[in-house]
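*Asks:* Handing you a structure now.
The values are calculated or read from the model by the stated rules, or taken from the named source; none is laboratory data. Every value quoted in this text rests on a predicted model; they were computed, and no experiment measured them. As a convention, Cβ positions derive from the backbone with ideal geometry for all residues, glycine included, and neighbour counts pool all protein chains shown. The protein model used for the area step is the full one, side chains on, heavy atoms only, and it has no ligands, DNA or RNA in it. Shrake-Rupley method; radii C 1.70, N 1.55, O 1.52, S 1.80 Å.
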Amino acid sequence: MTFADLGLATELLRAVSEQGYSQPTPIQAKAIPAVLKGADILAAAQTGTGKTAGFTLPLLQRLNSKTPVNGRRPVRALVLTPTRELAAQIAESVTNYGKYLPLRSAVIFGGVSIRPQFSALRSGVDILVATPGRLLDHVGQRTLDLSKVEILVLDEADRMLDMGFIHDIRKILALLPKQRQNLLFSATFSSDIKRLANGFLTSPELIEVAQRNTAAETVAQVVHRVDKKRKRELLSYLIGSQNWRQVLVFTRTKHGANHLSGQLTKDGISAAAIHGNKSQGARTKALADFKKGAVRVLVATDIAARGLDIDQLPYVVNYELPNISEDYVHRIGRTGRAGRAGQAVSLVCVDELKLLKDIERLLTAKIPEQMIAGYEPNPHIVAEPIKNGRPNQAGAKGKNQHNRNRTSLSKGSKFAGAKVRTGRNGNAATAKTRRIAMSG
Ligand code: AMP
């Protein structure tokens, strides 16, 4: 199957081939024809599956097929996404894929000055990519008219609900014309997502694809047991002695991310932190520096890292295990993408053994442990409740914790039975639910 088989226009085929894609991913093969024929879709897809091109390419084609409106250019396609980084990445994809079409796009998100966004909107855009809060700011200031939207995309809908955007989404839905095409993408399908979907999708085509588990299969996972106090030292040692060049490190808190990034810098390892309290400029710069290799370590919190598309990321380190087991899977999905080898290293202190157990229960496999000589944990240190982290699972981060009661899109989902190889020795494990099938 080629992109041409999917019925895409030559301008889009040219742009796709310039991106170096030779064939559509499974989600693209299903979503592109469905969107082209005008159907609503409800798609189970995570970052890494190629979903962005899956909705962007056909969306561009549909907009282009209609005669451009004379004079004013109202927004005809609206893409809503939870985070600024994702919005920026989607906008970049829209620009790349649409480079040979006479369509205009813009991206708006919070944390940056609103003024340039005013002028972008004033000059007219066909496709608008936005985070919900800033979008509503514009609506409030009457700098944005959504009454001509023909296509709505809700990307990472589950994450938007987790982040408490449900009211914003409902407000935005109320501003759109009733007649429109709706595309909803979500990695997971809680009852809240299903309720939301039922409320505005019309006879949607359900799209489920077996996850490209290449990431999972090529991620070697390992646990190093170590005392909490010695984690930073061990991390610097691993980075230095093994000459790791591009490392994404996860901490549980924003403060922890800042602190660690400062300490690594003091150790002579260039590092930057990325989290929700950083200004947009600082986040963009940190990511750009990391991508181009100017910064060796990017220390991130889960929310900030969600959806980051960094090619060929070789190392992911869980400096602290996440409170929510599923976040472990999202985190390690940042490495070993598109079939490349990756390594996920977890530094685990005695306080985190319960979290580790929960993760292993989710993976239905034990992650191999490897002791690093000189960093063996002191057996006399006893577990303490985790500071700054709410109790595991129940009441953990996110306003809508019950959204974590995830169910699959339909029974017999192909996601069930996803293989995850755990560790260098490759104990293949069969996951019970698709939650652990990760982005690839
Ligand atoms: P996404 O799931 O949309 O975030 O895409 C994940 C990554 O896959 C991005 O780096 C895309 O550039 C890349 N990608 C998307 N479509 C294809 C394709 N057909 N072939 C190879 N890579 C792709």
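*Asks:* FRET efficiency for residue 65 and residue 280, Cβ-Cβ distance as r, R0 = 41 Å, nearest 0.05?
*Replies:* So, using R0 = 41 Å, E works out to roughly 0.75.
*Asks:* Expressed as a whole percentage, what fraction of the accessible surface of segment 3-208 belongs to carbon and sulfur atoms when a 1.4 Å probe is rolled over the protein heavy atoms?
*Replies:* Whole-percent figure for carbon plus sulfur exposure: 50.
*Asks:* A further question on this structure: Return the subset of 148/178; 148/171; 278/354 for which the Cα-Cα distance in this structure is over 19 Å, preserving the input order.
*Replies:* Table pairs above 19 Å Cα-Cα are 278/354.
*Asks:* By how many nm would the segment from residue 354 to residue 73 grow when fully extended, if each residue of separation counts as 0.36 nm and the alpha-carbon distance is taken off?
*Replies:* 95.6 nm
*Asks:* Mind checking the full-extension length gain between residue 14 and residue 206? Use 0.36 nm per residue of separation minus the Cα-Cα distance, one decimal, nm.
*Replies:* Using 0.36 nm per residue and subtracting the Cα-Cα distance, I get 66.3 nm.
*Asks:* Points 7 angstrom from Cα along the Cβ direction at residue 222 and residue 4: gap in nanometres?
*Replies:* Going by the 7 Å Cα→Cβ label model, 4.7 nm.
*Asks:* For segment 19-125, what does the accessible surface come to per residue with a 1.4 Å probe? Please give it in Å².
*Replies:* Per residue, segment 19-125 has 39 Å² of solvent-accessible surface.
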